[in-house]
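First the structure, in the form of structure tokens, and then the observations on it.
Bear in mind these aren't lab numbers, they're just calculated from the coordinates by the rules spelled out. All of these numbers come straight from a predicted model, not from anything done at the bench. Heads up, the Cβs are rebuilt from the backbone with ideal geometry, glycines too, and the neighbour counts pull from every protein chain shown.
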Amino acid sequence: MRARSRLARGVVPALAVLAAGVGLLAGCATHGQQRAAMQQALVGRDYAAALAALDRQGADPQDVLYLLDRGLLLHYLERYDESNEAFEAAEIRIQDLYTKSLSKQAVALVTSDVAIPYDGAPFERALIPYYRLLNYLLQGNLEDALVECRKANLFLATLATKVEGEATAYQDDAFLQYLTALLYEDAGEWNDAWVSLRRAETAYARYAEVFGVPPPLTLGGDLRRLARELGYRDDHEIYRARYPDAGEALPPGHGELIVLFENGLAPVKEEIDLTLPILKGERDRYREADAFARVLAGRAVGHTYEPAELDYLLRVAIPELRRRPPLVRSAEVEAGGVVGRTVVVEDVAALSAAALAETMPRILLKTVLRGLTKYLGSRWVEKETGEIGGLLANLLTAASERADTRGWISLPDHIQMARLVLPAGEQTVNLRFLDGDGYEVAVARVDSVEIRPGRRAYLAWREWE
Amino acid sequence: MNPLRFAVLILVAVALVGTTGCAKRTVTRVETDTTIDLSGRWNDTDSRLVSEEMIRDCLTHPWLTQHLTAAGKKPAVIVGVVRNRTTEHIPVGTFIKDIERAMVNAGSVEVVASAIERGDVRDERDDQERFASEETAKAFGLEHGADYMLSGEMNSITDAEEGKKVLFYQVDLTLINIETNAKVWLGQKKIKKFVGQGRYEP
């Protein structure tokens, strides 16, 4: 009778522990592993197969990462309207996810952060308008590309207000400011171009300091030219002194080719296990779980103790970034006898690393608190139901322990840019992809690129190796 | 955390997740002039209201009576380009159609076809010349040239912070006398919207 009663009293927490474990038992692979087939197809440049693999893995229109990957794959498949639809759906979903679901947060508290819908890191959100503006540009629709420019600038202005005074590495997107400035100038919207260009200059100074990405050499010439066009004599003098070697204007009868070279694959997050020692008597010493979790999180870097002091080894899983440095390091672009070399303008991998590093203390504390809660719950189940119940509870809670490894992994490792001044007319563009030692790894050719006098043409290329 | 509270928390959470996942989709048919604001973005109601109000304003200004007195007939107006300079992909074509509709329905001006539409009409006339009977085929050279061109732009300003957003739209339209380049009417309409979004839901 006593045993029965103990069992009955243990049913509720046992079910709770069961809930914590069962829901997540099915999918214990990391996000990168789940997207393995898609990535394999991408490396083989088979975008249709990549899209099929993505849909097979789970076509969920409520999942931001599905929509982002879909948007990007459709972009490479040159299905630009569909790509924009997917990206727009992602943007709307991200906006909706500003409202946090308390129930999902509660589930995450006892299972894993994976229970909370993913709403994208700021640098990932900023790259949505980049791909959307490319979609419009490649369809010859400058007006809608400019809408994306304004959206990007609005997002970055909101981000700047949000992180003002904080030590956040990513406070503005230098590349997006630069690219939008060029497009505003293309449309004759010089004031907007001027604002974006000056913000690009400031943001690149920070990029150079934090991410090791210096401003492109052409930026100085752009500033000088716009200052002159707008009649800002003082600014023109300042920029002429600051960038004495930069060229300002296109020679008559010439246009410009801008090559955007997206290289490699963004880093993936992998799961690593941490074992944190709980020492005898500590459970009674810390009445508040938050305080206890803070103490345990501090042991992530290592803790010395006598074996006899050990009460329990708490296992928690946290994400760790693995970079996938591309074999190709830069590209040589040749057209009409003019040769240029691409330079890094956006280091996606570095942005990703900074984003994770900045959120890591919060992730660690939350993870340890969750682990501790599950541990205390399991101990209670054991106390109420006996050793087997406790063992079962332990197994289930351990199975639910998963790091949040999600991210937009189809993004490139980084984006490079080259600018070539070319005589007007139809041009064939030859691309040579070089490794770190300058050896040719691959080549590509793009025919019939039209260069119009006084205008810019844009060419986007992706390498996966 | 007390283990019992821990257990109750999970069960409540799991139950809530379960119930939120069962929401049914409902579709209700509504009148097309019903105002429904979902996201705060520019929508069909904005397009209709702005075009109707601006054209009403346009047609009550002196340029119309001055033209009627001078020419003795209704002015022919062509709706040209309305540039979208906002942060949204506004279907400008719908807005232009709304403007044309408001003008045609007012009856005081003649709206002539746009360049693309004219091309289609000319193709049709060319077709008629070859295939239709002489009595019914329409002749070339009788088109009405526009006296005025209406064009403009849409701008927006967004101010957003922590779940609150103020959207400000401004539409500027200009009516230009094609012969003299004189601006005979300048219209402006502003719309301001506040969009609030809660931080938490069950």
Can you run the Rg to Rh ratio on segment A:139-259? Use alpha carbon positions and the Kirkwood inverse-distance Rh. 0.98
Normalized C-alpha radius of gyration of the protein assembly as shown, against 2.2 N^0.38 Å? 1.19
Answer in debye to the nearest 20: the dipole magnitude of the protein assembly as shown about its Cα centre, from +1 Lys/Arg and -1 Asp/Glu charges placed on Cβ, is 2860
Report the residues of segment B:137-173 in range of a label on B:Lys74: point 7 Å along Cα→C-beta, backbone N strictly under 17 Å from it. B:143-150
Karplus (6.51, -1.76, 1.60) ³J(HN,Hα), θ = phi - 60°, over segment A:360-368, in Hz, Gly and Pro reported as x: 4, x, 5, 4, 4, 4, 5, 5, 5
Within 11 Å, Cβ to Cβ, of A:Pro412, how many net charges do the neighbouring residues add up to if Lys/Arg are +1 and Asp/Glu are -1? -3
To the nearest 500 deg cm²/dmol, what mean residue ellipticity at 222 nm is calculated for chain B from DSSP H runs of n ≥ 4 alone, each contributing -39,500 (n - 2.57), summed and divided by the residues? -12000 deg cm²/dmol
Projected label distance in nm at B:Leu186 and B:Ile116, using a 7 Å step from Cα toward the beta-carbon: 3.0
Given the Cα-Cα distance of A:Glu270 and A:His303 and 0.36 nm per residue of separation, how much length would full extension add, in nm? 9.5 nm
One finds, for A:Asp46 and B:Asn155 with R0 = 45 angstrom and r their Cβ-Cβ distance, a FRET efficiency to the nearest 0.05 of 0.55
Give the calculated FRET efficiency between A:Ala424 and A:Arg233 to the nearest 0.05, with a Förster radius of 35 Å applied to their Cβ-Cβ distance. 0.70
Based on DSSP H runs of at least 4 residues, each adding -39500 (n - 2.57), what is the mean residue ellipticity at 222 nm of chain A after dividing by all its residues, to the nearest 500 deg cm²/dmol? -17000 deg cm²/dmol
Quick shape summary for segment B:63-198, equivalent ellipsoid via Cα gyration tensor, semi-axes whole Å in descending order, reads 38, 20, 11
Rounded to a whole number of µm²/s, how large is the Stokes-Einstein D of segment A:264-360 at 37 °C and 0.692 mPa s, given Rh as the Kirkwood radius over C-alpha pairs? 187
Nearest 10 degrees is fine. How inclined is helix A:47-58 to the longest principal axis of chain A, computing both from alpha carbons? 20
Using a simple spin-label model with points 7 Å from Cα along the Cα→Cβ vector, what separation in nm is obtained for A:Leu391 and A:Thr161? 5.9
From the P(r) of segment A:361-465, could you give the percentage of C-alpha pairs in the tail past 25 Å? 58
Enter the Cα centre distance for the pair segment A:222-286 and segment B:53-106, rounded to the nearest angstrom. 45
Please give, to one decimal in nm, the separation of the simple spin-label points placed at A:Lys280 and A:Gln34, each 7 Å out from Cα toward the Cβ. 4.3
